[in-house]
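*Asks:* Sharing a structure here in structure tokens format.
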Amino acid sequence: MNSQKSYLVIGGALGTLAVLDLSSLKIILKQKDMQKSELSFLAYLPADNTLLTCNMDQNLCYYRVYNKEDSKLFELELYQNRCLYLDEVIDIKVFKPANTHALLCSNSETLKLIELETGICECYHGHTDIILCLDIFVKKDNPLQSYCLTGAKDNSIRLWEADLSRDFGRKLVCKAAFSGHSQNITSVFFAPKKAGFFSSVSQDNTLKVWKCKNWESFEEVTSAEMTVMAHQKYINCVRISPNDKVIATSSQDKHIKLWDANNLHHRASLTGHRKGVWDIQFNPSEQVMVSAAGDNDIRIWNLTTH
């Protein structure tokens with residue numbers, strides 16, 4: 001900061017930082033916090049020329065203070081963020097095989113990217129309500145580059161391009177937003193072989209298939225490639241077989257259903273659980289599936305006849 005002047009830094013209820021020049025009594029800088037969370041603590045660290053803030057979501061942010069070129073004014077640059085409290089972690093995915101970062105959602109509309117070795121957290125925004133589910137597809141030719149999906153209570157899905165070699169705060173870029181579901185998104189899943197499409201399910205009881213492409217700029221997609229009313233109660237989970245040919249869904253109606261990925265024709269229903277089925281997973285061999293339900297049972301299914 002300019003050592004010849006005095007400034008007052010003000011933290012607002014919506015996460016806005018304002019800098020007041022005490023000599024002119026004018027606001028010379030306003031910086032909005034995309035998290036829109038009330039700031040509870042501010043401190044300037046002269047030795048590091050850093051402004052430290054903490055908001056009500058327990059995110060500790062470090063801002064570098066520097067002068068603009070050819071100007072007496074200054075700017076704030078967020079260069080580090082630490083999440084002091086995650087609340088309930090709803091979903092988490094690790095970027096494999098690098099295993100250096102994890103993507104998680106924790107009872108918030110903010111998407112968090114955690115560096116596993118240091119605990120440094122990067123926050124990304126776009127959803128307007130709590131994120132409920134995640135998925136990651138890592139490019140086989142470059143493990144540091146991947147695509148991510150997020151589904152939320154705002155009834156929307158977002159697709160993010162990830163590059164873990166980028167600078168802080170720039171590793172994730174939102175490429176597309178998908179709307180069409182009428183209730184909470186409960187599960188999303190990339191086609192694991194080529195990520196040419198992904199599937200989503202919702203509390204509106206529908207299964208949708210969306211096409212993936214290379215987006216040059218942000219795009220809003222309002223229509224799915226295919227939709228089917230898949231279950232009679234909330235759908236908890238969707239998975240796609242390793243060969244991209246079969247989609248599986250599980251629901252509070254106690255059923256697991258298999259669908260043809262090309263046309264969403266119903267192939268089979270797997271019954272036996274006595275309560276809602278919370279999770280399902282394909283075995284890499286494609287011939288076996290495992291399920292977990294509210295009846296405390298884990299069941300292993302032979303799919304060779306389906």
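*Asks:* Indicate, rounded to the nearest 5 percent, the antiparallel portion of the DSSP beta bridges found entirely in the chain. Intermediate values should be presented prior to the final figure.
*Replies:* Numbers: 102 of 105 bridges.
Looking only at bridges with both residues in the chain, the antiparallel portion is about 95 percent.
*Asks:* Which aspartates and glutamates have a Cα less than 14 Å from the Cα of residue 211, not counting those fewer than 8 places away in the same chain?
*Replies:* Reachable aspartates and glutamates: 219, 220, 225, 244.
*Asks:* Using the beta-carbon distance between residue 24 and residue 232 and R0 = 45 Å, what value does 1/(1 + (r/R0)^6) give for FRET efficiency, to the nearest 0.05? Could the numbers behind the result be given before it?
*Replies:* Working: r = 66 Å, r/R0 = 1.47.
Calculated value: 0.10.
*Asks:* Here's something else I'd like to know. Give me the Kirkwood hydrodynamic radius of the stretch 7-81 in Å, from all C-alpha pairs, to one decimal place?
*Replies:* Details: mean 1/r = 0.0790 Å⁻¹.
Answer for the stretch 7-81: a Kirkwood hydrodynamic radius of 12.7 Å.
*Asks:* Still on this model: Counting only C-alpha contacts under 8 Å and six or more residues apart, can you give the relative contact order of the stretch 7-81 as a whole percent? If you can, show how the numbers build up before the last one.
*Replies:* Details: 154 pairs, mean separation 15.1, N = 75.
Relative contact order, the stretch 7-81: 20 percent.
*Asks:* Over every pair of different alpha-carbon atoms in the stretch 193-306, take the mean of 1/r and invert it; report that Kirkwood radius in Å. Don't skip to the answer; put the middle values down first.
*Replies:* Values: mean 1/r = 0.0686 Å⁻¹.
Computed over Cα pairs of the stretch 193-306, the Kirkwood hydrodynamic radius comes out at 14.6 Å.
*Asks:* Right, next: Just to confirm a number: summing +1 for Lys and Arg and -1 for Asp and Glu over residues other than residue 252 whose beta-carbon lies under 11 angstrom from that of residue 252, what do you get? Mind showing how you got there, number by number?
*Replies:* Working: positive: 233, 254, 275; negative: 253.
Neighbour charge sum, excluding residue 252 itself: +2.
*Asks:* Sticking with this structure for a sec: From the C-alpha coordinates alone, can you work out the Kirkwood hydrodynamic radius of the stretch 122-171, in Å?
*Replies:* Values: mean 1/r = 0.0852 Å⁻¹.
11.7 Å is the Kirkwood radius here.
*Asks:* Additional query: Cα-based Rg of the stretch 113-235 per 2.2 N^0.38 Å, rounded to two decimals?
*Replies:* 1.07
*Asks:* So what's the projected area for the chain, the Cα convex hull averaged over all directions, in nm²?
*Replies:* Details: hull surface 73.4 nm².
The Cα convex hull of the chain, projected and averaged over all directions, gives 18.4 nm².
*Asks:* For an R0 of 41 angstrom, estimate the FRET efficiency from the Cβ-Cβ distance between residue 182 and residue 75 and round to the nearest 0.05. Working shown, then result.
*Replies:* Details: r = 43 Å, r/R0 = 1.04.
Given R0 = 41 Å and the Cβ-Cβ separation, E is 0.45.
*Asks:* Also, quick follow-up: If the elastic network links every pair of Cα atoms under 10 Å, which of 127, 181, 273 fluctuates the most in the Gaussian network model of the chain?
*Replies:* Looking only at 127, 181, 273, the biggest GNM fluctuation is shown by 273.
*Asks:* Taking 8 Å as the Cα distance limit and 6 or more residues as the minimum spacing, I'd like the relative contact order of the chain as a percentage. Working shown, then result.
*Replies:* Values: 806 pairs, mean separation 22.1, N = 306.
Reported as a whole number, the value is 7 percent.
*Asks:* Please list, in chain and number order, the residues 5+ apart from residue 288 or on another chain whose amide H is under 5 Å from its amide H, with Hs placed from the backbone.
*Replies:* Under 5 Å from the amide H of residue 288: 283, 303.
*Asks:* Sorted by packing (mean other beta-carbon atoms within 10 Å per residue), highest first, where do 47-53, 104-110 land? Show your work: numbers first, answer last.
*Replies:* Working: 47-53: 14.9, 104-110: 19.9.
So the order, starting with the most tightly packed, is 104-110, 47-53.
Read-outs: derived from the displayed coordinates by stated rules, not from any lab. As the structure is a prediction and not an experimental result, all values here were calculated from the model. Cβ atoms come from the backbone with ideal geometry, glycine included; neighbour counts cover every protein chain shown.
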